[in-house]
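Below you'll find the structure, written out as structure tokens, and then a few comments.
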């Protein structure tokens, strides 16, 4: 990782370094971008540090807001031990060079605490560890589990503030330690439903007005469960429905999802597009947002964005008790393709007018401006 970048951009502003292990166009990335683009530039400067990356879509926006993104392994993802060793070394060097006031460590596992430990040794006064997941992936390695547990045992006292995107995400990472829930906020105005955008987007996608368009945006990974989405599409087609699946994202299951669609003869009834920094266009085009996630912090950025766009959302019933916020557009269902297909049919028949979801988002405290004001208090040590 090259440490070349900007120098100190003014002693009057607090300097924040955000951490994310990976960097693409996922939920953590959107959380960070929603935050840094709404910070008061007179009070804060920021940089972003990631171990590996697979997209540069946000880089121009980062530069326009005065930030710099550092990456250890550009365009590659070495083994866990190599990633951890090099990343911790470069993190320490960057902290020593740029003298940050705050580190905001967004993590999926206990090794996030190691970065807080390094920041404490470097003299960073505000050290925030932020949990974004509710469990390790079902295919995690023994080494990953060991690293997760070791990070907690050795370094969990080095954070000055523990944050989580939900109660279960906090309980997973912080165990018996106290934490504060900070919601995944969105820019409500950007995601307000627009019928003209909807018409243009569906035309560009080649989807007729009468076609049921369902799907989601997010990384095509085990956690997001894209193969289940294909199974739902298969069931809708079996029922004779004019339906189309839309998936927006990249990830390790992209090729397998395409192969599955082809093997079932459904390739002409599905659209898979690469990740985008403007998901609101596709959300306007959808009729129903389906997110059959297996595990992750909840509600995710994508679900909150879908809510702002006025979409009904189908959610696994395993998440039913993960948040007490009254998302009136949620329908919780067991992970059964026939059940989800039936719900899609029902919701399509009863939905007459698109709701203005931005009012709900603001009322229940998920607007980006509300979230950033909360974070700024924490950044000041309040």
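Of the residues in segment 258-279, how many are in contact with a strand residue (DSSP E or B) (Cβ under 9 Å, 6 or more places away or on another chain) and touching a residue at least 60 places away in the same chain (Cβ under 8 Å)?
Count: 4.
Quick check: is even one residue across segment 199-208 at positive phi and at pLDDT below 90?
No, segment 199-208 has no match at all.
Those residues that are buried (at least 16 other Cβ atoms within 10 Å of the Cβ) and touching a helix residue (DSSP H, G or I) at 6+ places or on another chain (Cβ under 9 Å), I need them from segment 67-91; list them, please.
Answer for segment 67-91, where residues must be buried (at least 16 other Cβ atoms within 10 Å of the Cβ) and touching a helix residue (DSSP H, G or I) at 6+ places or on another chain (Cβ under 9 Å): 67, 68, 69, 70, 72, 73, 84, 87, 88, 91.
I'm trying to understand the selection: among the residues of segment 10-55, which are in contact with a helix residue (DSSP H, G or I) (Cβ under 7 Å, 6 or more places away or on another chain) and assigned to a helix (DSSP H, G or I)?
27, 30, 31, 33, 34, 35 - these are the residues of segment 10-55 that are in contact with a helix residue (DSSP H, G or I) (Cβ under 7 Å, 6 or more places away or on another chain) and assigned to a helix (DSSP H, G or I).
Kindly indicate the residue of segment 133-161 that is within 27 Å of residue 98 (Cβ to Cβ) and out of contact with any strand residue (DSSP E or B) (no Cβ under 6 Å at 6 or more places or on another chain) and also modelled with the lowest pLDDT among those meeting that condition.
In this case the residue turns out to be 147.
State whether one or more residues within segment 54-62 are buried (at least 21 other Cβ atoms within 10 Å of the Cβ), assigned by TED's automatic domain parsing to the domain that holds residue 133 and either over 21 Å from the mean Cα position of the chain (by Cα) or over 19 Å from residue 250 (Cα atoms) (or both).
No, every residue in segment 54-62 fails to be buried (at least 21 other Cβ atoms within 10 Å of the Cβ), assigned by TED's automatic domain parsing to the domain that holds residue 133 and either over 21 Å from the mean Cα position of the chain (by Cα) or over 19 Å from residue 250 (Cα atoms) (or both).
Output the number of residues of segment 174-198 satisfying the condition of being in a loop (DSSP other than H, G, I, E, B), modelled with pLDDT under 95 and either in contact with a helix residue (DSSP H, G or I) (Cβ under 6 Å, 6 or more places away or on another chain) or surrounded by 15 or more Cβ atoms within 10 Å (Cβ to Cβ) (or both).
The total comes to 11.
Is there a residue being modelled with pLDDT of 90 or more, surrounded by 17 or more Cβ atoms within 10 Å (Cβ to Cβ) and out of contact with any helix residue (DSSP H, G or I) (no Cβ under 9 Å at 6 or more places or on another chain) anywhere in segment 364-373?
No, segment 364-373 contains no residue that is modelled with pLDDT of 90 or more, surrounded by 17 or more Cβ atoms within 10 Å (Cβ to Cβ) and out of contact with any helix residue (DSSP H, G or I) (no Cβ under 9 Å at 6 or more places or on another chain).
The values are calculated or read from the model by the stated rules, or taken from the named source; none is laboratory data. Remember, predicted model here, so these are calculated numbers, not experimental data. Please note: Cβ atoms are built from the backbone with ideal geometry, for glycine as well, and neighbour counts cover all protein chains shown.
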